[in-house]
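Heads up, the thing below is written out as structure tokens.
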Amino acid sequence: MASLPTPFLTPAQYVELDDRAECPLEYVDGGVFEIEAGTPNHGQIQANLTAAVGIRLRKSQCTALGQAVRVRVPSGRYFHPDLSVVCGKLDLLPDKTVLNPIVVFEILSDSTADYDLGRKGILYRSIPSLKEYILVDQSRAWVQRWNRQPDSWHVDEFSGLEAALPIAALDVEIPVAEIYDRIEFDPVP
């Protein structure tokens with residue numbers, strides 16, 4: 001995540017800048033960060049996830065939203081998840097930022113994995129509506145799912161192309177092989 005050389009911005013200034021930007025920008029504590037260009041694996045996984053989730057939601061009250069859509073967490077930070085899902089009515093700020101995702105997906109990269117697994121994950125999990133936070137590795141067939149329980153979050157890992165990812169909040173299951181369709185992993189040294 002590369003920081004842009006900008007002074008402290010208010011949320012309104014950030015939204016105006018993000019709406020005009022050529023690539024999505026994220027907002028953390030007054031700073032604005034460009035979302036780094038993805039790798040071919042990242043792009044293919046994102047397309048696979050969007051298709052897999054979207055097709056399973058066709059006859060439901062849920063909507064899959066791509067990376068162009070902003071999500072705000074309760075602390076006032078703004079992110080562009082790789083994919084998010086809202087069920088029922090969208091709760092939007094006047095600037096069209098989503099407040100009520102029930103599932104958020106992030107695809108891990110070498111430069112963002114620690115942040116996505118750590119601080120960013122904590123911030124996403126603070127969203128009252130969020131039921132599942134799902135992380136997808138782009139360098140191996142591995143998915144981590146955080147599932148909200150009544151008093152805590154439960155973490156499950158799904159590895160290997162023969163595994164299946166259950167998404168309880170959506171009442172669907174996606175084969176891990178479908179997420180990684182047409183992905184070629186680099187050989188392990």
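The values are calculated or read from the model by the stated rules, or taken from the named source; none is laboratory data. Just so we're clear, the structure is a prediction, and the values are computed from it rather than from any experiment. Neighbour counts run over all protein chains shown; Cβ positions are idealised from the backbone, glycine included. These accessible areas exclude ligands, DNA and RNA; they are computed on the full protein's heavy atoms, side chains included. Shrake-Rupley method; radii C 1.70, N 1.55, O 1.52, S 1.80 Å.
Quick rundown of the values:
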read-out	value
Angle in degrees between helix 40-56 and the longest Cα principal axis of the chain, rounded to the nearest 10	80
Gain upon complete extension [Gln149, Ala51; 0.36 nm per residue less C-alpha separation]	32.5 nm
Label-point separation in nm, Arg20 to Glu34, each point 7 Å along Cα→Cβ	1.7
Highest-MSF residue in the chain out of Leu92, Leu135, Leu123 [GNM, Cα springs under 10 Å]	Leu92
Additional length obtainable on full extension of the chain from Glu184 to Leu93, 0.36 nm per residue less Cα span	28.8 nm
Solvent-accessible heavy-atom area per residue, rounded to whole Å², over the chain at 1.4 Å	51
Alpha-carbon centroids, the stretch 95-112 and the stretch 56-89: separation in whole Å	7
In Hz, Karplus ³J(HN,Hα) per residue of the stretch 115-128 (6.51, -1.76, 1.60; θ = phi - 60°; x = Gly, Pro)	5, 5, 6, x, 4, 5, x, 4, 5, 4, 5, 7, 5, x
Separation in nanometres of the label points that stand 7 Å from Cα toward Cβ, at Gln13 and Ala164	5.1
Helical mean residue ellipticity (222 nm; -39500 (n - 2.57) per DSSP H run of 4+; nearest 500) of the chain	-6500 deg cm²/dmol
Qualifying aspartates and glutamates (Cα of each under 15 Å from Cα of Lys89; at least 8 residues distant if same chain)	none
Pairwise label distance in nanometres, Ser129 with Ser60, each label 7 Å out on the Cα-Cβ vector	1.4
Orientation-averaged projected area, Cα convex hull of the stretch 36-121 (nm²)	5.9
